[in-house]
Amino acid sequence: MRSLLSNLNARLIVINLVAFWLFFYAFQTLAFLHDYNFLYLQSERMARLNLPARRASDMNFIKQAGNFGLVAAYVISWFVAYKKDWHWLNGVISFIITFTLCFFGWFGWSFLHGIFQVPEKLFAPNSIWGYLISGLIMIGLGLLVLLSKRVISFIEKPKLKEDARGKKKPKRTR
């Protein structure tokens with residue numbers, strides 16, 4: 001049990017949580033484009049009123065798209081962890097925390113959505129380009145968090161210190 005706990009890396013878990021958050025909401029934002037004409041065109045207003053099941057289906061698709069984004073982020077983080085020889089349990093813990101927080105609606109979108117929807121404000125409200133740009137920026141930031149060499153060195157920093165402590169210093173010779 002002790003060896004399993006020694007493989008946990010709090011920095012990696014937090015970085016994964018940030019990336020998972022970005023992917024989750026990026027996929028949800030892009031999912032608004034799925035049935036865009038039905039959801040946002042004025043000419044479809046009567047259809048929205050007469051077809052509540054279709055609207056409910058579209059909203060369910062948008063919610064589930066976030067889960068697909070979460071799985072995509074997990075797969076990417078798993079490949080990075082495999083490549084860097086990090087323990088797989090860190091990604092699983094991050095995935096479970098993220099999924100649980102999203103399920104209960106406690107993942108913080110209500111606090112941070114204003115920041116990530118700033119590029120969307122350059123376009124007309126609820127425009128295709130606004131959703132597309134916001135979603136792609138969040139995916140780009142998520143990939144940057146997962147794949148950046150600076151972030152990877154930040155995660156590995158405690159490991160490097162432990163390695164340095166464990167090695168004996170060579171003796172000085174004159």
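The values are calculated or read from the model by the stated rules, or taken from the named source; none is laboratory data. Values in this document were obtained by computation on a predicted structure and should not be read as measured data. FYI the Cβ positions are ideal-geometry reconstructions off the backbone, even for glycines, and counts take in every protein chain you see. Keep in mind that these areas ignore ligands, DNA and RNA; they rest on the heavy atoms of the full protein, side chains included. Shrake-Rupley method; radii C 1.70, N 1.55, O 1.52, S 1.80 Å.
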Test each condition in (1) closer than 30 Å to Leu5 by Cβ; (2) without any contact (Cβ under 8 Å) to a residue 40 or more places away in the chain; (3) not charged (D, E, K, R) for Trp86 and report the one that comes out false.
-> (2)
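Tell me yes or no: at least one residue of the range 24-34 is free of Cβ contacts under 8 Å to residues at least 40 places away in the same chain, open to solvent by 50 Å² or more (accessible area, probe 1.4 Å) and in contact with a Leu (Cβ under 8 Å, 6 or more places away or on another chain). First the steps, then the outcome.
Keep residues of the range 24-34 that are free of Cβ contacts under 8 Å to residues at least 40 places away in the same chain, which gives 31, 34.
Add one more test, that the residue is open to solvent by 50 Å² or more (accessible area, probe 1.4 Å), and what stays is 34.
With the extra rule that they be in contact with a Leu (Cβ under 8 Å, 6 or more places away or on another chain), the set shrinks to none.
Taking every residue of the range 24-34 in turn, none turns out to be free of Cβ contacts under 8 Å to residues at least 40 places away in the same chain, open to solvent by 50 Å² or more (accessible area, probe 1.4 Å) and in contact with a Leu (Cβ under 8 Å, 6 or more places away or on another chain).
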Residues of the range 99-115 being modelled with pLDDT of 85 or more and open to solvent by less than 40 Å² (accessible area, probe 1.4 Å), in sequence order, are Cys102
Being open to solvent by 50 Å² or more (accessible area, probe 1.4 Å) and within 18 Å of Ser148 (Cα to Cα) is the filter here, so list the residues in the range 47-98 that pass it.
-> Tyr74, Val75, Trp78, Phe79, Tyr82, Lys83, Lys84, Asp85
Number of positions in the range 75-128 that are under 22 Å from His34 (Cβ atoms) and among the aromatic types (Phe, Trp, Tyr) = 6
Check whether at least one residue in the range 3-20 is crowded, with 16+ Cβ neighbours inside 10 Å, hydroxyl-bearing (Ser, Thr, Tyr) and either at pLDDT 90 or above or over 14 Å from the mean Cα position of the chain (by Cα) (or both), and report yes or no.
-> no
What pairs can you find where one residue is in the range 3-17 and assigned to a loop (DSSP other than H, G, I, E, B), the other is at pLDDT 90 or above, and their Cβ atoms are less than 7 Å apart, with a gap of 6+ or different chains?
-> Asn7/Leu89; Leu8/Leu89; Leu8/Asn90; Asn9/Asn90
Subset of the range 116-150 [open to solvent by 60 Å² or more (accessible area, probe 1.4 Å) and among the aromatic types (Phe, Trp, Tyr)] = Phe123, Trp129
Looking at Ile128, Ile97, Ile93, Ile137, which is the one that is in contact (Cβ under 8 Å) with a residue 12 or more places away in the chain and touching a Pro at 6+ places or on another chain (Cβ under 9 Å)?
-> Ile137
